[in-house]
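First comes the structure, then the notes that go with it.
The values are calculated or read from the model by the stated rules, or taken from the named source; none is laboratory data. None of the values given here were measured: they were computed from a predicted structure. Glycine also receives a Cβ, built like all others from the backbone with ideal geometry; neighbour counts cover every protein chain displayed.
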Amino acid sequence: MVNSRWKKYWQVLTSNNIGLFGLILLVIFLLIALLAPILAPFDPTDRVGAPFTKPNGQFLLGTNDVGQDILSELLYGTRISLLIGVIAAFISILLGCLVGIVSGYYGGKVDAFLMRLVDLVLVIPFLPLMILLAAFIGPSFWNIVLVISLISWASPARVIRSQVLTLKTKGYVEAAKSIGTNIKVILARHILPGVIPIALSQFVLAASHSILIEASLSFLGLGDPFTKSWGTILYYAQARGAFLTDAWIWWVLPPGLLITTLVIGFAFTGYSLEEILNPRLRKER
Amino acid sequence: MLGKFITGKLLQYFIVIFLMLTLNFLLPRLMPGNPLVFLAGEDVGFMSSAEKDAILDKYGLNDSILEQYGTYIKNIFTGDFGYSYQQKRPISELLMERLPWTMLLTGLGLVLSTVIGVMFGAISAWRRGTNTDANLLTVFMFLSAMPSFWVGMILVSIFSAQLGWLPVFGAESAWSNYTGMDRFFDIGKHLILPLATLILISVTSTFMIMRYSMLNVLGEDYIMMAKAKGVKEKVIKYKHAMRNALLPVATVFMLSLGFTLGGATVIETVFAYPGVGRLMFESVLSRDYPLIQATFLIITFSVVIANFLADLIYPLLDPKVGSRNG
Amino acid sequence: MNTVLSVENLSTYFKTDKGIAKAVENVSFSLNKGEMLGLIGESGCGKTTVAQSILRLIEYPGKVVSGRVLLNGRDLIKASEKELSSLRWKEISVIPQSAMNALNPIFTIGDQIMESILLHENVSKREALQRTKTLLELVGIDGERWRSYPHEFSGGMKQRVAIAMALACNPKLVISDESTTGLDVLTQAQVIALIKSLQKKMDLSVILISHDLPMVTAICDKIAIMYAGNIVEWASTGDLLKNARHPYSQALLNASPDLGNPEKEVVSIPGSVPNLVNFPNSCRFHTRCPHAFDKCRQEIPEFKEIKNGHYTACFLEEEGNHG
Amino acid sequence: MDKSTLLKVSNLKKTFIKKSGTFLKRRKTEVYAVNNINFEVNKGEILGIIGESGCGKTSTARMVMRLMKETKGEITFEGVNLCNLKESETNKIRKKMQMIFQDPYDTLNPGMKILDILMEPINAHEKGLTYEEKYQKVIEAIEAIELRPAQDFIHRFPHQLSGGQRQRIAIARAIILKPSFIAADEPTSMLDVSVRAGILNLLLDLRKKMGLTMMFITHDLSTASYMCDRIAVMYQGKIVEIGPTKKIIQHPSHPYTKALVAVVKDLNHFIKNREKLILDGEVDSTKEEKGCPFVARCPHKEAVCHTQVPELEDVDRGHSVSCHCHIELLEKTS
């Protein structure tokens, strides 16, 4: 039943260069993360060379201040960035969906309260709040995930609520009600199929935000101290003043480029998904 | 209508401030560990017990939690943010020193990024479907994908370290004692890179909203109508379309205040720019908890005040909110 | 006779992903001074595209590919932008489809009416305002309400404002594009009545675009019926009602119930409007026509005069086997 | 014709709360969508409800169909008061009463095939049937709405059908359970003129074949006169006139109905006499009128019209009107 709808989305997604490009990027990063142990020439925690070695045949991107191979660090870092981004995005979308659906479907006072809450959360300057929270509850993988998702559920919640509101007034939902179909069937057959694609595009966008936020937190020294994400690598590069020397080319440039490319991968996929779901935008192209 | 709009917003902001104050109050008291560490910083280990007692007394830690809360609120509203035991100075003094720099940086950053975003967003929408539109879209999407601190680092690497054109860090040259115009130019020179970074990372949201909103407006019947009336293309663009398209931008502008101030925290860190954000970073590094909290509060206050100012301006743009009998 | 507008062989195409959509093809009709022409057709038949083509408002991916639109002898299709600007509103104006959206929400209605006056006539602001007030009074709105914003008016009132705006520069020709659709029956009738009385008072030529056949037959002097991008029949109202020649016109007349004739059995037209993208060279109505024969499927019937001022495009005419 | 009552609506009211004022001085005004209406639908007849948008006709239908909760009043269907039923009981009764909606583009889920759409009512009420039996029912329903061959349609998606065909599918969905009552909410207003007649004739045909009782909502008087045995005219949440179609059309007694009939019968007559028929005037539904709801636009108003709400009174066997001046008007026109 939903098959043809998904087929249509898939067609639009792949017929659209931007979306296809984004998807390919995501697949590449997924592969890198999975194959990091095979791809990386060294263990990123081992001191394998002299500190501050310039790129050469052995260390393609040189070594850092303690002699670890930067390339290997980057390849392993993919795992952290990708994982945090995806998990945090997943939790925040889950929260967002819950709030959005409850708010949109039940309306009334529940809706008013939840939407006020969303407005509140949206006013708060979120990066400083994260810094505050991260500073107090201490840096760790799960704390970062928690902090990111606690603060980024609000805007997806709003988007999903408005989608539920639109779906609720659709004639076919009214019709199903007037036929005597019970509420569970209506939710499952008519509402959810309309919410899931939106939630998906929101998820993809949220993932790109989460990756950026994680990078920022790690850069401020609030990342997980036991694993090195791309943000952490840049934190050390900053702390050692690498960006003031020639080392910026192999130490500062690559991690940032990787973050940017991954975020672009998510963002392109997300925007083209959004375009598919928003007929008005689609028409104007 | 107008009154309702403003009072509704005011209430919302009061709740935000109240919640953030409460969060701030509770965080050090609820976290496991010695609350003294959170109230006075990590140096408590080196303090004598007399000193510790003095601090406990100052924060009224031996009072009931409600009394503590009362004192806390009273202190905040009398401008007493506490004392930084790390820096050995009252926190309000530190904040006052840093606030002007942050205001300079983010104020300029917001205005410029909004203007630039609006301009390019409008151009992109006017030329929808062309290469110009596609190129602008790609460029802006790339911009929004870059981590702010990294953009800053790269700019420093290129323009300061490699080319030597601009200063590396700070808000003005130390020990130079410039005065008058010289000082002005010196500050300007130091401002260029952080400002550029801030604009680069915050311009995309305005661009996207403006483009989208402009596309919608251009599809409206009244634009077609203006054309049919014989109104010149330029007048249609600037008079009829622009103001309508700006309405959603104004809303996003408010939402991006928090984002921009947050972004400024990171950027100030990269450039060692002596603003509130950098202060926050420094206090995180030295685990100076009272200072972390105070900087967070001051940033929240600024966002709320800026939001409120924007709310006051909004009705001037939208007659539906502004009209007396609407 | 004093011809104000003459449309000759007008064709407007739209580029789509799947090919060229011939939205308007080979449309011809004309309009005399003080005459009211009803342009009738179902949704998507191209009547609004005709209006936009006349007003030169077609934009990419649409294009007027051939034909002439002569307004008092001047070809609007060939006119330069500058000429157009001077012609628009002074010679030809439009009452748009939905006034709700045709008024800019952030300007007062007075501003918007004054804008069109100041744009085309060399008058002082004061004078323009005075005229704006007079115009508002003319359409039955208190002149002092010029300071109001569109959202402060009801639908019918906005429609009146749109009419006032269309008349701001005393145009010769007014095109009313479905301007009463969406209004309540009584409000609709009042707006139509207003248009009719203003037309008489100011000796205007009016093209009334509508899908409401009873309304058009009640107040128009002539009627042109459109189907799928073609005008299939064009005649005076009396001729059309008594002696409709094209099978589509006949079917349309039988399609809606008539309060004055309760015994009338309504009949629908089988099938649906064809897709106009890459439509083969044939009569566009052949897929639904009860009389269609081979020729209808292979050739395009010519639009020609069969009687004084009565035009139609149907092969039945030349075959002579028409009722 | 069996004259027994199938549906009875008594003292039905629906109000909405409109909030206004500032935060500190909150004002709540009650707005009447439906204001104390009464009517009956007899077995086998089609009752037309006609009025302009916002007059409360759709709200009435939605309350009858239990898609909206009434503020006050009773709706009795086959002797059962629907207003007191629980959700599950309502769902059971829905087997006997079905609705056809206005927008054929919106009423069918774009992600579902016609077969699944038509299965939905069967799945809700006749779960026990085998797939073959259900399938057979779907085919029969499609044939009943004259889409042939039925097998060609069941595997299509709504977007592959024209507007008229979609509305037919919506009708098939409404009749597939063989209900006794159907509420049709402007089923042709979004369709092209050329296919409208087909839908109208189909509904008339189905009524004959299945013995359906219908409530037919429309804003178009000529459509109502073609379809309905009786017509109720609504204005501002009230029924201002109700009676057999012929009487309403030939002897409209309420000034609003008079104006409507004049417009639809002969627009030129309306244009010439419009000052006599109807006044300009904005209708502000938030304002609580003490008197007749039509007073702002009525050309005949008298003092009493401003102060007292007219009652619905019988003028001629089953033809009732709510107007203070209807007798006077009758004398004036004849």
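Determine whether B:A134 is within 14 Å of another protein chain (Cβ to nearest Cβ) and part of a helix (DSSP H, G or I).
Yes: the conditions hold for B:A134.
Is there a residue in segment D:315-322 that is at pLDDT below 85, of a type in the set (D, E, K, R) and more than 25 Å from D:N38 (Cβ to Cβ)?
Within segment D:315-322 (the criterion being at pLDDT below 85, of a type in the set (D, E, K, R) and more than 25 Å from D:N38 (Cβ to Cβ)), the answer is no, since none of the residues qualifies.
Could you tell me whether segment A:219-235 includes any residue that is within 11 Å of chain D (Cβ to nearest Cβ) and assigned to a loop (DSSP other than H, G, I, E, B)?
The answer is no; no qualifying residue exists.
Could you check how many residues of segment C:139-162 are farther than 17 Å from C:V191 by Cα, away from chain B (no Cβ under 11 Å) and not charged (D, E, K, R)?
Summing the residues that are farther than 17 Å from C:V191 by Cα, away from chain B (no Cβ under 11 Å) and not charged (D, E, K, R) in segment C:139-162 gives 2.
One line per residue, one yes/no per condition, for (1) modelled with pLDDT of 80 or more; (2) surrounded by fewer than 17 Cβ atoms within 10 Å (Cβ to Cβ); (3) within 30 Å of B:T197 (Cα to Cα); (4) in the same structural domain as B:D311 (by TED's automatic domain parsing):
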{"residue": "B:F81", "(1), (2), (3), (4)": "no, no, no, no"}
{"residue": "B:P100", "(1), (2), (3), (4)": "yes, yes, yes, yes"}
{"residue": "B:M103", "(1), (2), (3), (4)": "yes, yes, yes, yes"}
{"residue": "B:T106", "(1), (2), (3), (4)": "yes, no, yes, yes"}
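Which one is surrounded by the fewest Cβ atoms within 10 Å (Cβ to Cβ), of the residues in segment A:146-170 that are aliphatic (A, V, I, L, M) and farther than 13 Å from A:I93 by Cα?
A:L165
Search segment C:242-268 for residues being under 13 Å from C:I223 (Cβ atoms) and among the hydrophobic types (A, V, I, L, M, F, W, C), and hand back the single one that is farthest from the other protein chains (Cβ to nearest Cβ).
Applying the filter and picking the extreme gives C:A244.
Any idea how many residues of segment A:72-101 are surrounded by fewer than 21 Cβ atoms within 10 Å (Cβ to Cβ) and either within 27 Å of A:Q58 (Cβ to Cβ) or among the small types (G, A, S) (or both)?
1
Answer yes or no: is there a residue in segment B:93-106 that is over 24 Å from A:L220 (Cβ atoms) and either in contact with a helix residue (DSSP H, G or I) (Cβ under 6 Å, 6 or more places away or on another chain) or polar (S, T, N, Q) (or both).
Checked segment B:93-106: no residue is over 24 Å from A:L220 (Cβ atoms) and either in contact with a helix residue (DSSP H, G or I) (Cβ under 6 Å, 6 or more places away or on another chain) or polar (S, T, N, Q) (or both).
If you check B:G219, B:G188, B:G180, B:G170, which single one turns out to be surrounded by fewer than 21 Cβ atoms within 10 Å (Cβ to Cβ), of a type in the set (G, A, S) and in contact (Cβ under 8 Å) with a residue 24 or more places away in the chain?
After ruling out the rest, the residue left standing is B:G170.
Taking the residues in segment D:249-260 that are part of a helix (DSSP H, G or I) and either within 7 Å of chain C (Cβ to nearest Cβ) or touching a Ser or Thr at 6+ places or on another chain (Cβ under 9 Å) (or both) as candidates, determine which candidate is farthest from D:P310 (Cα to Cα).
Ranking the qualifying residues of segment D:249-260, first place goes to D:I249.
Grab the helices (runs of 4 or more DSSP H) fully contained in segment B:193-310, keeping just those with 1 or more residues being within 17 Å of the chain's Cα centre (by Cα) and at the interface with another protein chain (Cβ under 10 Å from one of its Cβ atoms).
Output list reads B:242-270, B:276-285.
Which number in (1) at the interface with another protein chain (Cβ under 9 Å from one of its Cβ atoms); (2) surrounded by 24 or more Cβ atoms within 10 Å (Cβ to Cβ); (3) out of contact with any Leu (no Cβ under 9 Å at 6 or more places or on another chain) marks the one condition that D:G237 misses?
If we test D:G237 against (1) at the interface with another protein chain (Cβ under 9 Å from one of its Cβ atoms); (2) surrounded by 24 or more Cβ atoms within 10 Å (Cβ to Cβ); (3) out of contact with any Leu (no Cβ under 9 Å at 6 or more places or on another chain), just (1) comes out false.
What are the pairs with Cβ atoms under 9 angstrom where one residue, in segment C:80-104, is in contact (Cβ under 8 Å) with a residue 24 or more places away in the chain and farther than 15 Å from C:I207 by Cα and the other, located anywhere, is in a helix (DSSP H, G or I) and of a type in the set (D, E)? Sequence gap at least six, or different chains.
Once the first residue is in contact (Cβ under 8 Å) with a residue 24 or more places away in the chain and farther than 15 Å from C:I207 by Cα and sits in segment C:80-104, its partners that are in a helix (DSSP H, G or I) and of a type in the set (D, E) give C:S98/B:D221; C:A99/B:D221; C:M100/B:D221; C:A102/B:D221; C:L103/B:D221; C:N104/C:D111.
Enumerate the pairs (first residue in segment A:34-50 and part of a loop (DSSP other than H, G, I, E, B); second residue anywhere and loosely packed, with under 15 Cβ neighbours inside 10 Å) with beta-carbon separation below 7 Å, excluding pairs fewer than 6 apart on the same chain, so at least 6 apart or on different chains.
A:R47/A:V66
In segment D:119-146, what count of residues is obtained for those that are in a helix (DSSP H, G or I), surrounded by 13 or more Cβ atoms within 10 Å (Cβ to Cβ) and among the acidic types (D, E)?
Qualifying residue count for the region: 3.
Kindly indicate the residue of segment A:166-182 that is hydroxyl-bearing (S, T, Y) and in a loop (DSSP other than H, G, I, E, B) and also farthest from D:P104 (Cα to Cα) among those meeting that condition.
Residue satisfying both the conditions and the ranking: A:T181.
Could you list all residues from segment C:83-113 that are crowded, with 24+ Cβ neighbours inside 10 Å and more than 7 Å from every other protein chain (Cβ to nearest Cβ)?
Of everything in segment C:83-113, those that are crowded, with 24+ Cβ neighbours inside 10 Å and more than 7 Å from every other protein chain (Cβ to nearest Cβ) turn out to be C:I92, C:S93, C:I95, C:A99, C:I109, C:Q112, C:I113.
Hey, can you tell me all the residues within segment B:12-32 that are in contact with a helix residue (DSSP H, G or I) (Cβ under 7 Å, 6 or more places away or on another chain) and loosely packed, with under 13 Cβ neighbours inside 10 Å?
Of everything in segment B:12-32, nothing turns out to be in contact with a helix residue (DSSP H, G or I) (Cβ under 7 Å, 6 or more places away or on another chain) and loosely packed, with under 13 Cβ neighbours inside 10 Å.
Among residues belonging to segment D:1-53 that are small (G, A, S) and in a strand (DSSP E or B), point out the one that is modelled with the lowest pLDDT.
Within segment D:1-53, the match that is modelled with the lowest pLDDT is D:S20.
Only one of these conditions is not met by C:K47: (1) within 9 Å of chain B (Cβ to nearest Cβ); (2) out of contact with any Cys (no Cβ under 7 Å at 6 or more places or on another chain). Which number is it?
Answer for C:K47: the failing condition is (1).
What do you reckon, is D:A170 surrounded by 24 or more Cβ atoms within 10 Å (Cβ to Cβ), at the interface with another protein chain (Cβ under 8 Å from one of its Cβ atoms) and under 17 Å from the mean Cα position of the chain (by Cα)?
In short, yes.
Does at least one position in segment A:105-113 carry a residue that is touching a Gly at 6+ places or on another chain (Cβ under 8 Å), farther than 18 Å from A:L220 by Cα and at pLDDT 85 or above?
Within segment A:105-113 (the criterion being touching a Gly at 6+ places or on another chain (Cβ under 8 Å), farther than 18 Å from A:L220 by Cα and at pLDDT 85 or above), the answer is yes, since at least one residue qualifies.
Out of B:I154, B:I116, B:I123, report the one residue that is within 12 Å of another protein chain (Cβ to nearest Cβ) and either part of a helix (DSSP H, G or I) or without any contact (Cβ under 8 Å) to a residue 40 or more places away in the chain (or both).
After ruling out the rest, the residue left standing is B:I154.
Within the set of pairs 6+ apart or on separate chains, which have a first residue in segment D:199-223 that is within 11 Å of chain C (Cβ to nearest Cβ) and under 21 Å from D:N42 (Cα atoms), a second that is surrounded by fewer than 23 Cβ atoms within 10 Å (Cβ to Cβ) and of a type in the set (D, E, K, R), and C-beta atoms under 6 Å apart?
Short answer, once both residue conditions are applied: D:T218/D:E186.
Is at least one residue of segment B:15-25 within 14 Å of chain D (Cβ to nearest Cβ) and modelled with pLDDT of 75 or more?
For segment B:15-25, residues within 14 Å of chain D (Cβ to nearest Cβ) and modelled with pLDDT of 75 or more: present.
Do you know which of the residues in segment C:195-223 that are in a loop (DSSP other than H, G, I, E, B) and more than 14 Å from every other protein chain (Cβ to nearest Cβ) is farthest from C:T48 (Cα to Cα)?
C:D203
Just to be sure before I move on: is C:I231 buried (at least 16 other Cβ atoms within 10 Å of the Cβ), outside any helix (DSSP H, G or I) and within 14 Å of another protein chain (Cβ to nearest Cβ) in the structure I sent?
No: the conditions fail for C:I231.
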